1. Run the dipole for the chain about the Cα centre, Lys and Arg Cβ at +1, Asp and Glu Cβ at -1, nothing else charged, and hand back the magnitude in debye, nearest 20.
2. Which whole-number percent gives the relative contact order of the chain, counting Cα pairs below 8 Å spaced six or more residues apart?
Amino acid sequence: MDRRTRGCAGCLAAGVAGASTALLAWAPLARVSVTGGFEGRHRDLSVLYVDLPLVALGGALVPITAWAVGLRLLGGRPWAAAVLAVAALALGTWGLTAWWTPYEQPEFLG
């Protein structure tokens with residue numbers, strides 16, 4: 001396998017793994033907004049058409065960028081770039097689960 005093919009394969013693998021990991025980490029947090037919670041009072045379907053594409057795109061771009069930067073800066077060593085991409089994906093997933101929470105209206109307004 002030549003250098004260019006290895007770089008493209010790693011970039012594709014990083015994008016697919018990043019998008020799927022980000023979506024799997026995001027889905028349990030968004031469940032309340034999709035199902036509506038107690039008696040359907042907290043339904044907010046904007047998480048499906050706003051947040052879902054942004055999370056998938058960010059989850060794909062973070063490891064792809066780390067992979068490309070790793071290949072460029074580390075002299076074309078694919079294992080070092082893979083470690084950098086996995087570390088970037090782990091930090092991105094941690095940031096997503098720590099920062100993003102769907103809006104929830106208070107149960108009792110009165």
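1. Details: 8 positive and 6 negative charges, 136 e Å.
Magnitude of the dipole: close to 660 debye.
2. 33
Rule-based calculations on the coordinates, nothing more; no lab input. All values reported here derive from a predicted model rather than from experimental measurement. Virtual Cβ from ideal backbone geometry, glycine too; neighbours counted across all protein chains shown.
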